[in-house]
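**Student:** Got a structure for you, written out below as structure tokens; questions coming shortly.
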Amino acid sequence: MSEISILAIDLAKGSFQVCGVKADGVVVFNRSVSRLRLYQLLSEQDGCVVAMEACATSHHWGRVTR
């Protein structure tokens with residue numbers, strides 16, 4: 001997954017919309033994932049920018065992405 005430079009995440013309670021984008025702006029994937037799959041995706045991902053909305057759960061996910 002090293003080709004991803006930005007992960008854009010739309011937060012929700014049970015499923016999340018995740019969009020992976022290359023440095024040149026090309027969308028690699030844009031899909032809905034479960035909470036468990038989001039944890040897995042973040043743990044597999046090389047260092048990149050993770051963009052998400054500012055809401056109560058963004059603080060939790062911000063700590064997970066470190």
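The values are calculated or read from the model by the stated rules, or taken from the named source; none is laboratory data. Remember, predicted model here, so these are calculated numbers, not experimental data. Virtual Cβ from ideal backbone geometry, glycine too; neighbours counted across all protein chains shown. SASA here: full protein model, heavy atoms, side chains in, ligands and nucleic acids out. Shrake-Rupley method; radii C 1.70, N 1.55, O 1.52, S 1.80 Å.
**Student:** Consider the range 21-36. How many of its residues are in contact with a Ser or Thr (Cβ under 9 Å, 6 or more places away or on another chain) and under 16 Å from Val49 (Cα atoms)?
**Tutor:** Residues in the range 21-36 being in contact with a Ser or Thr (Cβ under 9 Å, 6 or more places away or on another chain) and under 16 Å from Val49 (Cα atoms): 4 in total.
**Student:** Can you name the number of the only condition in (1) open to solvent by 70 Å² or more (accessible area, probe 1.4 Å); (2) outside any strand (DSSP E or B); (3) modelled with pLDDT of 90 or more that Gly25 fails?
**Tutor:** Every listed condition holds for Gly25 apart from (1).
**Student:** One residue is enough: does the range 29-45 have a residue meeting the conditions within 15 Å of Val64 (Cα to Cα), among the charged types (D, E, K, R) and surrounded by fewer than 14 Cβ atoms within 10 Å (Cβ to Cβ)?
**Tutor:** yes
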